[in-house]
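Taking it in order: structure first as structure tokens, then the write-up.
The values are calculated or read from the model by the stated rules, or taken from the named source; none is laboratory data. Computed from a prediction, not measured in an experiment: that's the story for all the values here. Methodologically, a virtual Cβ is constructed for each residue, glycine included, from the backbone with ideal geometry; neighbour enumeration extends over all protein chains shown. The area values use the complete protein model at the heavy-atom level, side chains included, leaving out ligands, DNA and RNA. Shrake-Rupley method; radii C 1.70, N 1.55, O 1.52, S 1.80 Å.
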Amino acid sequence: MHTFQTDTVPPHTEVLIVGAGPTGLTLACDLARRGVRALLVEKADRLFPGSRGKGLQPRTLEVFDDLGVIDAILAAGARYPLMASWKGAVKGAEWDLIDHRPATTGVPYPDSWMVPQWRTQEILHARLLELGGRVEFGTALTRLEQSAERVEAVLERADGSVRRITADYLVAADGGRSTVRRAVGIPMTGQVIDSRPALVADLRLEGLDRDNWHVWRKAPGGMALLCPLPHIGQFQLFASFELGTPDTTPEGVRRTVAERTHLPAEAVTEVLWASEFRARAALAERLREGRVLLAGDAAHIHSPAGGQGLNTGVQDAYNLGWRLGQVIGHGAAPELLDGYEQERLPIAAHVLDLSTRLHHATGAGRTGDQPTVRRGAATDQLSVGYRGGPLSVERRGPLPSDTLQAGDRAPDAICTRPDGSAYRLFDILRGPHFTLVSAGSEPPAVPPAVRTHRADTYGEGLFLIRPDGHIALATHDPADITALLPTLGLDHPALQATARR
């Protein structure tokens, strides 16, 4: 462990977040509404400009509902269009990549929602500014040290200026090549799951309808897909290369479109962004080293086939944000942060396996022109839960496995007021607080940061719901609630319900 020099006192923040992608922005928003001082730095001079992670899963939509951005997200996106196969200039069969389901009482957002990644980040950035936070662009972390009490980081701006800063905790959200992960020596193991390089680009083009996601599966040189991006008149190009290396210049993108489709090169009127990548799957050995924690692609790298990478990173941030808020602001024991790795690392491993299987199923293993699998309940992340985890206390005796239990996602519900008017349970859960839902049992006295709500939503009992929408405790005994409060930092004498909404 390195020691600090004491000649000067650097400025201090409670949390330093490195990387302003969807994960870092989600965490910054969550901390800002909790009143936690956080500094979010981004090496680039602007937000990521591409559409790359364009699929938002239903559980991510619920997170964005809680963070207050769901209306903007829904307005910016659309359902996935039907896929359409092409053979040269001949349009063939259509099929649906998504298993669509109707909205239900418990699941208000049942479908995947397509929003270009750059637009999702713009919406989160705007929300962060509303909450009083900001992103410091053009700022790279070049060195860090930590002690038992704090982290010290060296930040370098694009103009070459350098400064030191200390933080109670540092969160690495700086992507698959994470500088932070390497600096603290956390190994990441994985594999290249597809040795073929691929080209991804955002472009404008003429001569192709926007009703379908267009697929040329047997095109010369490799598969090509053109997906219309909602509301902005752009397409996302994906092209795999059996041989050679993708040319990411505008001329190279135009040439790829002309070689793989019936469209001429001049049909591409503008190339807005282009990148090369190879599909990988990798997982960090652990998610914490002292006061440094990993989230998003810094912790796990996915094939895009499953539409899971961005979404898993958002869930990481959502799981971590309330923990940092309780430890920093409300006196919870630092061990509360241990539960982050205990809960999220197995989930990341499971989702990586799912993404890899989907990659192979939609690549080599297929029947005719259509994929052998579709995205459905396995990818929506609504079933992600933490049963048996350190904060999943089930005290109601043996229960059937399909019964809602501690550790599960708390579903939405339609509740009724005494006057007969209806409201959503999600309206009660929305915000940085804990919620105690009671039915048939008298709830104990709780601090202001726990909102009590009487409803028979989940059956008889007491259900303590965490700020990330998972059930921490299910019981019939009010004493169980009281006993758990210190672990969550909810017995702190100065605790006040003053966090920003």
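Give the range 306-338 a look and list any residue that's farther than 23 Å from R37 by Cβ, open to solvent by less than 20 Å² (accessible area, probe 1.4 Å) and either in contact with a helix residue (DSSP H, G or I) (Cβ under 6 Å, 6 or more places away or on another chain) or free of Cβ contacts under 8 Å to residues at least 60 places away in the same chain (or both), or say none.
If the condition is that a residue be farther than 23 Å from R37 by Cβ, open to solvent by less than 20 Å² (accessible area, probe 1.4 Å) and either in contact with a helix residue (DSSP H, G or I) (Cβ under 6 Å, 6 or more places away or on another chain) or free of Cβ contacts under 8 Å to residues at least 60 places away in the same chain (or both), then G306, Q308, N311, T312 are the ones that fit.
Any residue in the range 432-439 that is modelled with pLDDT of 90 or more, surrounded by 19 or more Cβ atoms within 10 Å (Cβ to Cβ), among the polar types (S, T, N, Q) and over 20 Å from the mean Cα position of the chain (by Cα)?
yes
Looking at the range 264-302 only, could you name the residues that are touching an Asp or Glu at 6+ places or on another chain (Cβ under 8 Å), open to solvent by less than 40 Å² (accessible area, probe 1.4 Å) and assigned to a loop (DSSP other than H, G, I, E, B)?
A279, L287, A295, A299
Being touching a residue at least 60 places away in the same chain (Cβ under 8 Å) and open to solvent by less than 20 Å² (accessible area, probe 1.4 Å) is the filter; apply it to the range 69-94 and report the residue that is nearest to H125 (Cα to Cα).
Among residues in the range 69-94 that are touching a residue at least 60 places away in the same chain (Cβ under 8 Å) and open to solvent by less than 20 Å² (accessible area, probe 1.4 Å), the one nearest to H125 (Cα to Cα) is A76.
Determine whether A258 is in contact (Cβ under 8 Å) with a residue 40 or more places away in the chain, among the small types (G, A, S) and either in a loop (DSSP other than H, G, I, E, B) or surrounded by 15 or more Cβ atoms within 10 Å (Cβ to Cβ) (or both). Outline the logic, then answer.
Values: in contact (Cβ under 8 Å) with a residue 40 or more places away in the chain: no; among the small types (G, A, S): yes; either in a loop (DSSP other than H, G, I, E, B) or surrounded by 15 or more Cβ atoms within 10 Å (Cβ to Cβ) (or both): yes.
Taking the combined requirement at face value, the residue does not satisfy it.
Taking the range 53-68, which residues are part of a loop (DSSP other than H, G, I, E, B) and either surrounded by fewer than 23 Cβ atoms within 10 Å (Cβ to Cβ) or of a type in the set (S, T, N, Q) (or both)?
Q57, G68
How many of the residues making up the range 135-162 are touching a helix residue (DSSP H, G or I) at 6+ places or on another chain (Cβ under 9 Å) and surrounded by fewer than 14 Cβ atoms within 10 Å (Cβ to Cβ)?
1
Under the condition of being at pLDDT below 95 and among the polar types (S, T, N, Q), which residue from the range 235-255 is most open to solvent (accessible area, probe 1.4 Å)?
T245
Could you run through the range 123-150 and say how many residues are of a type in the set (A, V, I, L, M), under 20 Å from G325 (Cα atoms) and over 25 Å from the mean Cα position of the chain (by Cα)? Spell out how you get there, then give the answer.
Just the residues of the range 123-150 that are of a type in the set (A, V, I, L, M), to begin with: 123-124, 126, 128-129, 131, 135, 140-141, 144, 148.
Those left that are additionally under 20 Å from G325 (Cα atoms): 124, 128-129, 131, 135, 148.
Checking the rest, the ones that are also over 25 Å from the mean Cα position of the chain (by Cα) come to 148.
The number of residues fulfilling the criteria is 1.
Mind listing whichever residues of the range 471-484 are crowded, with 20+ Cβ neighbours inside 10 Å and either farther than 28 Å from L31 by Cα or at pLDDT below 95 (or both)?
T475
Look at the range 451-470 and say how many of its residues are outside any loop (DSSP other than H, G, I, E, B) and surrounded by fewer than 22 Cβ atoms within 10 Å (Cβ to Cβ).
So the count comes out to 5.
Among the residues of the range 172-187, how many are closer than 26 Å to S275 by Cα and either buried (at least 19 other Cβ atoms within 10 Å of the Cβ) or polar (S, T, N, Q) (or both)?
So the answer is 8.
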